[in-house]
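K.L.:
Encoded as structure tokens, here's the structure I'll be asking about.
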Amino acid sequence: MVPITYYLLLAAALFCMGMFGVLVRTNALVVFMCVELMLNAVNLTFLAFARMHGNGLGHVSAFFVIAVAAAEAAIGLAIVIAVFRSRGTVNVDDIRTMKH
Amino acid sequence: MNIELVLFGVFAVMTLLSAGLVITARSPINSAMALVSTFFFLAGIYVLLWAHTVAVIQVLVYAGAIMVLFLFVIMLLNLGDAPHRGKPTVTRLLGGASAAGLLAVLAVTLGRMDAQPARLDAQGQATFGTLAAIGQSIFTTWLLPFEAVSLLLLVAMVGAVVVAKSRI
Amino acid sequence: MDGTLVEFFRTAPIPPEVLSPSLGLIILLPLLGAFVCGVFGKWLGRANVHLVACSAIAGAFVLSLLAFWATSDAAGGRVVSMANPFGLDRDTIRYAIAHDYGTWFAAGDFRVNFGLLVDHLSGILLLIITGVGFLIHLYSTSYMEHDDGYWRFFAYLNLFVAAMLTLVMADNLVLLFVGWEGVGMASYLLIGFWYTDSAKAWAGRKAFVTNRIGDFAFLIATFLLILTVGAFNRQADARDYNAAGSSRARYEQGISQKGPVTFKGLEKLALALPQGSGGAVSLATPIESGPLSGYTFGGVMTATMLLFLLGAAGKSAQLPLYVWLPDAMAGPTPVSALIHAATMVTAGVYLFCRMSSLLVLSPTAMATIAIVGALTSLLAALIAFAQDDIKKVLAYSTVSQLGIMFMGVGMGVFWAAAMHLMTHAFFKACLFLGAGSVMHGNGDETDIKKLGGLWKEMKWTHATFLISTLAITGIFPIMSGFFSKDAIFHGVHHNHLHGLEWVSTFVYVLGLLITASTAFYMSRVYLLTFTGKRSPEAKLAHAHESAWHMTLPLVILAFLAFATFVYALPLMPRSGGGTQPVFENFLSPVLRPAEAVARAAETVKLDTSSPSVGDYAFAWMWALLGGGAAAFAYLKFFPSRVGQPVPAFARAVRRTALNKFYVDELYEFILIRPVKFVAFILFRVVDALVIDTVLVRGTAYVTEKVGLGLRRLQTGDAQAYAAIMALAILGGAVYALLQVLS
Amino acid sequence: MSFFDNHLLNVVIYLPLVFAALVLMLPASEHGQVRAITFVGMLLDLVFGVWAYFRFEPSGAEFQMEYRVPWFQQFGMSYHLGVDGLAVSLLLLTVFLGPLVVLASTTYIQHRIKEFHLALLVLQTTMLGALASMDVLLFYIFFEAMLIPMYLMVGVWGAEDRRMAAVKFFLYTLVGSLLMLVAIVAVYFISGGPGVRSFDYGTLYNNLLAANQQLAACASGPEGACASLDGLAATLHTYGPWMFAAFALAFAIKVPMWPVHTWLPDAHVQAPVAGSMILAGVMLKMGTYGFWRFAIPLFPVAAHAARPFLAVLAVIGIVYGALMCLAQRDIKKLIAYSSVSHLGYCMLGLLAVTGEGATGSAYQMLNHGISTGALFLLFGFLYERRHTRLMSDYGGIAKVMPVFTAAFVIITFSSVAVPGTNGFIGEFLVLMGTFKSTLPLGFGAFATLGVILGAAYMLWMVQKVFFGSITHRENQHLRDMNLREMLTTAPFIVLVAVMGLMPQPFLDRIAPSTDRYVARASVGAPGATQAKDDQLRVEVMSLPSTAAAARPSVPAAPLAARE
């Protein structure tokens, strides 16, 4: 029997790595991928807890998370394309119009 | 020292490695590939958690659909290697540091916690994590959220089209 | 007198129990008249309006006559009487009829009823108001014949009469206050009747606001009385109620039925307060609980009466609030005659007669009233010396006469004050109407210097004016004015306030001076207006006598001014032996409680002697002195010195007197200007600057600036925001961890 | 009739909204129809409102014509209507003003007519709703919703710098009411445990009652006696004053009391005639009504502590407002400041916790609604003709507009409280209540000064505007009131006379509420004679039993403890 703690630790690590990526990478696409990483970390915790309490609710949540992730990816990538069209770059450093 | 623990160790290490590759790889393509592998190993982990169904969905949707989408986009924009790793601005350092810090904190916290998987009776073992069980709850208790999600996906689809296309 | 005639006079044509429920009609008729004239007057036309207005007053007069008759009803030797709601069963109010139309408004444990009461005092005033009122209405039909505002005029006049009747018939203070303010309102409207002349309109406003100052005091006094009644009920014991011929049960029942401020209830309070009762409560008793706790009943009573004095001073034009009355002459002359001579201005005197039993509890207040009255009277008389406007002279003489009445009230000769009120109503109304007739016949000329020699052209006016002048001055003794005034002075001289004996002498001496100066200025007016030869500056070469509508009232009033002296003769047997004047005897049912209180509380020593021939002669001498001086000055001295320069000091004195000793300017300077200035400063500085600009707009300004400052943080770098978020999460996690660890 | 037994208040409240829907359907160009429909709606509402007024049984229960259904049970909220004597009187005032306001603006409003009447109808609904709602949160919703149509009315149909006035009005009142929202939520949470706590006025009050009584007892006790309190009483001891302050500020701004009154002159001056009428007639009353219903009964101890302070503000308001009037050149500003003075009387009567004072205060609310509303109405007529608000531009109007002058002078007398008009009853009762109360005599004396000043400034204005000779040629040919204007004015004048001569029918309906108010307010006064609990407690209808309030699910124990 693997203690649930291990799974949670793994999830934590995954999450933090995703977060790290989101915060330091400049390429919008990579940032997105890191977001996906974080989402998966969350999924992992859901499933871990589901296993811990032995009820299926966590699975359902994970299911929904995946669905939402799909939607998010679709929109996000669409935005990236649009931005690239208008600015010719996906470098977040060059996209600073969200001021005042 | 049982087989389950071994498998977990393998999957975990591989997951972390490929995740690390995702955030370090210079070219988006590599990151994407690393991400795919991350997903595969995660699916394995899910299986260890008796979440067979989710594991399958993980492979189908993530590794299948979403990653393909990513690759399409990368090719569409044909981004080569990132010209430069983002210059280390204050906020970057801060962010990185805080991510690391968070990891530390979580590690400490979780380290203090000793959680064991629930012991399931025969009937529970038979149903836990099965497609039947999940479907049961999704299509009864969580029907409304389920429909909402379907709607969300529809909206996302339309939105994606509207945003991405220059003129419709 | 033969029995049947006596019987006839003693049996009222309409028995009291039948009449009393319809007392309200006396007020309603003029009110109705006012409504009709005011709303439909324009379409009714002049004649109909005259008809409506006059018949309304005439009807009220007839009813008042019946009511008055009913109060004296003694059919079959059984005097009309009613149970006193505040007294024990055997305690009845005699010579009075009353009717209570139920609650007007009630809140908490306070209530006010529409209670009307007619006794001999209010009966007399009813007759004066409706009678003189009717005559003046009749007079006005001719006087206002050329004015297109006639319908407004008669509406206001009827309204005034209604309000005045309410004032007189009210059986409680609040209802009296309704009339009190109502007459003020009516007089505001009537003074400003010719509103297109803004000076006249200002005069109206001045009158109303000055009255309001009085009403302010009146209200506070009323509240104090209510509190006193409450305190009395909390502290009194059986003996106190006993002394008042009542019991706690009855008294509280009466209050719960009719409210705390009915005059009968206050009378009981007054009867209970003196030391004599030996009960728990007396004038020296401090009030234990409630807002007034700490003060003694006597102290509160003094304060209340002084406040009422201020109120009465506003209405009756006494110091310091007399300034509005002379300006009030801006109104049409009949108005001056009715409101500012005969009725409204005497309301203060009526109020004190009504509350005489409370008043005698406080010698301090009485002394103040007497002195205020005397000083007002003298001041007004002096001012009247130099006035050339005939109406102004009469106005100041009114102030002066009111002062005399206040002297009487203040020294406890209420009956004489009331009698002077009555006689004054007659001769002063006659004088004003005479003046009006003069103006009417001389193209509205009011300057007595520009009149003169009218005795040939305006025979009736002249005759009646002469009679009234004699009446007011007392130069010819067998006149009502002489007797009533002398009765007051006699009482003033012989009554003594406990601890303030010097007041009687002081006031009496002033009184003699007033007699003389009254005689002087009234003779002056008469001589300059009617005798001598017509002044070259007269507007019209020849004056014309007025129509019968105007002369008839003059004649009637003049006759009354002469005839009513009978009431002052000591013909009636006094209960304690000896004789007493008719009028005193007549009012005794109303004033007896006051005498009882005075006796019990030993605050006033009331003297019961009637003036001897010597006293009359002495008083007459002073009148002759004044009259003679006037005759000498204006028949011999000045005519002989026409064209010669007048010495400077004389001119200075005259100018000062002409400008009313600059009292108005004084008020303007110390009162009105500062208030306006303060208002302006408050508005500009506190309101506009401090509150609105600094505080309100200041807040907005600061908010805006802060917002602008915070904008700098918006770099637009999404990752920066994310980093901040991450930091926050970290912080939260660390905090949570520490919490768990500790 | 059973429908009206349950739903009369609903009908009164939502009838204007229904007609608003009708108006919405009309084409904007159909001015006549828009006006007609609005007027009919208001008239119908008046009928039902009067019916409700007469249905109200003075000797009956405190709250009548109640209607209550579950609504957001998770938050212990229910849709709960009901009126007591005061509320039903103010409700009558509101529905009375409705049709007259429409008549008053028929020629005044010339653009965006449809939107204007929509705003009127919506405003009517919100005001009526605020008066009738028995659920604190529901009250708050209506209370806030009121701002929106009024904001539009001032901002769109106002005079020259309407925007400033509208924004000022909106923010000013919003500041206070947001604080109040915080206080409402706070009192909701302290008033009971999960599941039993509720936003319903009755429940709130009854839950707080015992604690308030303990608090009052210990407050009168020796120093530091309150330290030993526990539970709700302790909470109230600590936080009660703050909650009261929040409520009080919100309502004081609405009243408005000195010194938070400066929004009123601007709003009044800029608002169109309808806006001024409603603002003066009903909206200001929401402040006094709030004090009466919520602020003081819920926190009697804090209220009693703050009483001298508030009373001082009220007296200052009376005198200060009157002095302001003497300094004005602008007629509407003058009337606005006179409102400050009059509302000062209302507040003073409220704070002098005596039967007379409270009754007088309630009656003064009605009077002010009528006399000041009428003043704004009449001045509106004048403004339509001359389009200036400065006194100096008038003078001698009486010559050309006699009927108008007569009406104005009558209303003026009512406003300076000449006996025989409605104003006198209210002012007299308020002043007497103040004298009878435990406040020092000085308060009453100073307040009575207002009697003098009131006469001074009102008559001064009348003098300037109407009397004297005509100074401006433009005023030469002003036409007198026409039939429509007379019909609009007549009800006011009739009511002035009726309420002045026969106040008892109105007072009878107010009296029971005042008794209860005094009893509840004097819970906080240590020395005062305390009423029994069954007189204090608020008896309201309970929800239908089927609707059990759902309890929020709480974790039994932290996860870590589970094995």
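Throughout, read-outs are computed from the coordinates displayed, never taken from laboratory work. Keep in mind that what you see is a predicted model, and the values were worked out from it rather than measured. Backbone-built Cβ (ideal geometry, glycine too); neighbour counts: all protein chains shown.
K.L.:
For chain C, what is the mean residue ellipticity at 222 nm derived from helices alone (per DSSP H run of n ≥ 4: -39500 (n - 2.57); sum divided by total residues; nearest 500 deg cm²/dmol)?
P.N.:
Dividing the helical sum by the residues of chain C leaves -21500 deg cm²/dmol.
K.L.:
While we're here: For the range D:388-447 and the range D:170-194, what is the centre-to-centre distance using only Cα atoms, to the nearest Å?
P.N.:
A separation of 36 Å, based on Cα centres.
K.L.:
To the nearest 500 deg cm²/dmol, what mean residue ellipticity at 222 nm is calculated for chain D from DSSP H runs of n ≥ 4 alone, each contributing -39,500 (n - 2.57), summed and divided by the residues?
P.N.:
Rounded to the nearest 500, it is -23000 deg cm²/dmol.
K.L.:
Using Cα atoms only, what is the angle between the long axis of helix C:718-741 and the major principal axis of chain C, expressed in degrees (0 to 90) to the nearest 10?
P.N.:
90 degrees
K.L.:
Under a Cβ-Cβ limit of 4.7 Å, which cysteines in chain D have nobody to pair with?
P.N.:
When partners are defined as cysteine Cβ atoms under 4.7 Å apart, chain D leaves D:325, D:346 without one.
K.L.:
If you don't mind, there's one more thing I want to ask. How many partner chain Cβ atoms sit within 10 Å of a residue's Cβ in peptide C:550-563, on average, as a whole number? Let's see the in-between values first.
P.N.:
Values: counts 0, 0, 0, 0, 0, 0, 0, 0, 0, 0, 0, 0, 0, 0.
The mean count of partner-chain Cβ atoms within 10 Å per residue comes to 0.
K.L.:
Any idea how far the Cα center of the range C:246-318 sits from the one of the range C:686-719, in Å?
P.N.:
60 Å
K.L.:
Run down the aspartates and glutamates and flag those whose C-alpha is under 12 Å from the C-alpha of residue C:450, throwing out any fewer than 8 positions away in its chain.
P.N.:
C:388, C:389, C:537
K.L.:
Check every DSSP H run in chain B and write down those whose alpha carbon atoms cover 20 angstrom or more along the long axis and whose mean Kyte-Doolittle hydropathy is -1.0 or greater. Provide the component values of the computation, followed by the final result.
P.N.:
On the way: long enough: B:3-24 (32 Å, 2.25); B:28-48 (30 Å, 1.69); B:90-111 (31 Å, 1.64); B:143-164 (31 Å, 2.44).
Correct list, ordered by number: B:3-24, B:28-48, B:90-111, B:143-164.
K.L.:
Among B:17, A:14, which comes first, then next, by fewest other beta-carbon atoms within 10 Å?
P.N.:
Values: B:17 14, A:14 27.
So the residues, fewest neighbours to most, are B:17, A:14.
K.L.:
Right, next: Could you tell me how many degrees, from 0 to 90 and to the nearest 10, lie between the Cα long axis of helix D:422-436 and the main elongation axis, the longest principal axis, of the Cα atoms of chain D?
P.N.:
For helix D:422-436, the angle is close to 40 degrees.
K.L.:
Further, regarding this structure: For the protein assembly as shown, what proportion of DSSP beta bridges, expressed in % and rounded to the nearest 5, is antiparallel?
P.N.:
95 percent
K.L.:
Order by neighbour count: C:504, D:78, fewest other Cβ atoms within 10 Å first, most last.
P.N.:
C:504, D:78
K.L.:
Put a dot 7 Å past each Cα toward the Cβ at residue C:293 and residue C:579; how far apart are the dots in nm?
P.N.:
Between residue C:579 and residue C:293, the label points sit 5.8 nm apart.
K.L.:
A further question follows. Which value in nm describes the separation of the simple spin-label points at residue C:506 and residue D:185, placed 7 Å from the Cα toward the beta carbon?
P.N.:
7.2 nm
K.L.:
Would you mind checking the range D:413-454 for residues with the amide N under 19 Å from a putative spin-label position 7 Å along Cα→C-beta of residue C:667?
P.N.:
D:449-454
K.L.:
Would you kindly derive the ³J(HN,Hα) couplings of the range C:173-185 from the backbone phi angles with the Karplus curve 6.51 cos²θ - 1.76 cosθ + 1.60 (θ = phi - 60°), listing them in order in whole Hz, with x for Gly and Pro?
P.N.:
Values per residue, Gly and Pro as x: 5, 5, 5, 4, 5, 4, x, 3, 7, x, 5, x, 4 Hz.
K.L.:
Amide H neighbours of residue C:579 under 5 Å, at least 5 residues apart or on other chains, H built in the peptide plane: list them.
P.N.:
Correct list: C:574.
K.L.:
Something else: By counting other Cβ atoms within 10 Å of each Cβ, how are D:50, D:523, C:335 ranked from fewest to most?
P.N.:
Neighbour counts put them in this order, fewest first: D:50, D:523, C:335.
K.L.:
Something else about it: Which whole number gives the average count of other chain Cβ atoms within 10 Å of the Cβ atoms across peptide C:728-735?
P.N.:
Values: counts 1, 6, 10, 4, 2, 8, 5, 1.
For peptide C:728-735, the averaged partner shielding equals 5.
K.L.:
I'd like the Karplus ³J(HN,Hα) series for the range C:399-411: coefficients 6.51, -1.76, 1.60, θ = phi - 60°, whole numbers in Hz, and an x wherever there's a Gly or Pro.
P.N.:
Karplus-based 3J(HN,Hα) across the range C:399-411 equals 3, 5, 5, 4, x, 4, 4, 4, 4, x, 4, x, 9 Hz.
K.L.:
Something else about it: Cross-link candidates for residue D:399: which aspartates and glutamates have Cα within less than 18 Å, leaving aside residues fewer than 8 places away along the same chain?
P.N.:
Cross-link targets: C:147, C:148, C:197, D:474, D:480.
K.L.:
Would you mind pulling out the separation of the Cα centroids of the range C:1-70 and the range B:1-77, in Å?
P.N.:
Centre-to-centre (Cα) distance: 111 Å.
K.L.:
³J(HN,Hα) across the range D:148-163 via Karplus (A = 6.51, B = -1.76, C = 1.60, θ = phi - 60°), whole Hz, x for Gly/Pro?
P.N.:
These are the phi-based 3J(HN,Hα) values: 5, x, 5, 4, 4, 4, 5, x, 9, 9, x, 8, 4, 9, 6, 4 Hz.
K.L.:
Give, as ranges by residue number, the residues of the range D:144-169 whose backbone N falls under 20 Å from the point 7 Å along Cα→Cβ of residue D:388.
P.N.:
Those under the cut-off are D:159-161.
K.L.:
If I model chain D as equal point scatterers sitting on the Cα atoms and use the Debye formula, what is log10 I(q)/I(0) at q = 0.06 Å⁻¹?
P.N.:
Rounded to two decimals, the profile gives -0.29.
K.L.:
Quick one: length gained pulling residue D:530 to residue D:57 fully straight, 0.36 nm per residue minus the C-alpha distance? Don't jump to the answer; show the numbers that get you there.
P.N.:
Values: separation 473, 0.36 × 473 = 170.28 nm, distance 2.56 nm.
Length gained, residue D:530 through residue D:57: 167.7 nm.
K.L.:
Tilt of helix C:613-631 relative to the longest C-alpha principal axis of chain C, in degrees (0 to 90, nearest 10)?
P.N.:
Around 80 degrees separate the two axes.
K.L.:
Give the Kirkwood hydrodynamic radius (Å, one decimal) of the range B:1-81, defined as one over the mean of 1/r across all pairs of different Cα atoms. Provide the component values of the computation, followed by the final result.
P.N.:
Values: mean 1/r = 0.0750 Å⁻¹.
Taking the inverse mean of 1/r over all distinct Cα pairs, the range B:1-81 comes out at 13.3 Å.
K.L.:
Let me ask something additional. With a sphere of radius 14 Å drawn around the Cβ of residue C:447, what net charge do the other residues whose Cβ falls strictly inside it have (Lys, Arg +1; Asp, Glu -1)?
P.N.:
On the way: positive: C:391, C:392, C:449, C:450, C:524, C:534, C:539; negative: C:388, C:389, C:444, C:445, C:537.
Cβ neighbours under 14 Å give a net charge of +2.
K.L.:
Enumerate the lysines that residue D:254 could reach by cross-link, defined here as Cα to Cα under 20 Å, with residues fewer than 8 away along the same chain left out.
P.N.:
Qualifying lysines at Cα under 20 Å: D:168, D:285, D:332, D:333.
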